[in-house]
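Undergrad: Structure provided below as structure tokens; questions to follow.
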């Protein structure tokens, strides 16, 4: 700090031999405080949960034995996705052929494409009928809302599927705006095919 | 070198973290939830939480912040429906018990322990099977206790837990005519180029 000679009390002339009072520095050593500050920052960064968990809604149908109450799905618009072990995904369109020739393997990165392609196909072959105006009304008159009416995805996780994979596939439904999907138990026939495929690929 | 601005920023960050931090509630079991694009907030109260850990063990928790009486209702209800013969001290201890992970056979034993000791106990998980198992009675009790109030059913599963356990849990809910669930997931952005992505972009 600079001083101005002869200004204020500081510059007051004292007699000879009178020592000037030693000026103490007003600066405080901030290092420990800063150290503590950073320690706390580190602590809070580690303990904090930045992204709070979110809820994913899942609605399941009521179990019914009555065949009339079951929703019918058009074969042409159905896509069945099966989840096996070690992140394996398998799918087929329509009904599974007895020889299993339409049974295909996919991965979690390619299944989205399959869903999108199938959806496009279904929307292309859409035929208008009496049930469309009702769907339009529900979607504020949006005439494209009826196109994917027949598109149904059936999700069948098998005994070896993990919970993560199941949620991932359910999430794909939201991501690709699939309005009709269902989670159903895998049939013994399908399970056999999945297991055979897994065996062949060395899983 | 003048460190002042640097220290200023550091303390600003510190203040931010102190303000923004919400401490994780004590969880006796570690669960890594899967990711999803969902954005619905979790209910903090008036909810039933079923936890599935990575070994496939099932735990049951009732969340009620305001009304402690709910816990009494739940434990009384299972006590009578399953003839457990719990003492009033054990019933009172249920209020403090965060999660139950044992079959009805061992419930008495767990409730005899002080709540802070229960954390260290390795619970074997509530038995579930294709008909719902013991979990069914817990859900039934909770549903009855919350009658007339809103109640959410949450399922918190670990990434590596298997699907059959999840299905059995669902079965336990279905037995009680509960068909809507909230799966707890960590948030994730919608992948670029997908329909949801376009929708969300449009909505702003």
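The values are calculated or read from the model by the stated rules, or taken from the named source; none is laboratory data. Owing to the predicted nature of the structure, the values given are computational and were not obtained by experimental measurement. Quick reminder, even Gly has a Cβ in these numbers, built from the backbone with ideal geometry, and neighbours come from all protein chains shown.
Undergrad: One residue is enough: does region B:53-67 have a residue meeting the conditions surrounded by fewer than 20 Cβ atoms within 10 Å (Cβ to Cβ), out of contact with any strand residue (DSSP E or B) (no Cβ under 6 Å at 6 or more places or on another chain) and part of a strand (DSSP E or B)?
TA: No, region B:53-67 contains no residue that is surrounded by fewer than 20 Cβ atoms within 10 Å (Cβ to Cβ), out of contact with any strand residue (DSSP E or B) (no Cβ under 6 Å at 6 or more places or on another chain) and part of a strand (DSSP E or B).
Undergrad: Given the conditions (1) within 14 Å of another protein chain (Cβ to nearest Cβ); (2) touching a residue at least 24 places away in the same chain (Cβ under 8 Å); (3) in contact with a helix residue (DSSP H, G or I) (Cβ under 7 Å, 6 or more places away or on another chain), report the number of the one that residue B:46 does not fulfil.
TA: (3)
Undergrad: Something else now. Which condition number does residue A:182 fail, the rest of (1) facing another protein chain (nearest Cβ under 10 Å); (2) under 18 Å from residue A:112 (Cα atoms); (3) in contact (Cβ under 8 Å) with a residue 60 or more places away in the chain being met?
TA: (1)
Undergrad: Give, as residue ranges, the helices (runs of 4 or more DSSP H) completely inside region B:82-191 that count at least 2 residues that are at pLDDT below 85 and within 21 Å of residue B:64 (Cα to Cα). Write out each step before concluding.
TA: Details: elements: B:88-94, B:104-111, B:115-118, B:135-145, B:163-175.
The helices (runs of 4 or more DSSP H) meeting that bar are B:115-118.
Undergrad: In addition: Between residues in region A:45-62 that are over 30 Å from residue B:176 (Cα atoms) and residues that are modelled with pLDDT of 80 or more, which pairs lie under 7 Å by C-beta distance while being six or more apart or on different chains?
TA: A:45/B:17; A:48/B:17; A:51/B:186; A:51/B:187
Undergrad: Is one or more of the residues making up region B:50-63 in contact with a helix residue (DSSP H, G or I) (Cβ under 6 Å, 6 or more places away or on another chain) and either over 27 Å from residue B:164 (Cβ atoms) or more than 13 Å from chain A (Cβ to nearest Cβ) (or both)?
TA: yes
Undergrad: Considering region A:170-193 alone, what residues qualify as being touching a strand residue (DSSP E or B) at 6+ places or on another chain (Cβ under 6 Å), crowded, with 16+ Cβ neighbours inside 10 Å and assigned to a loop (DSSP other than H, G, I, E, B)?
TA: Across region A:170-193, the qualifying residues are A:178, A:180, A:186.
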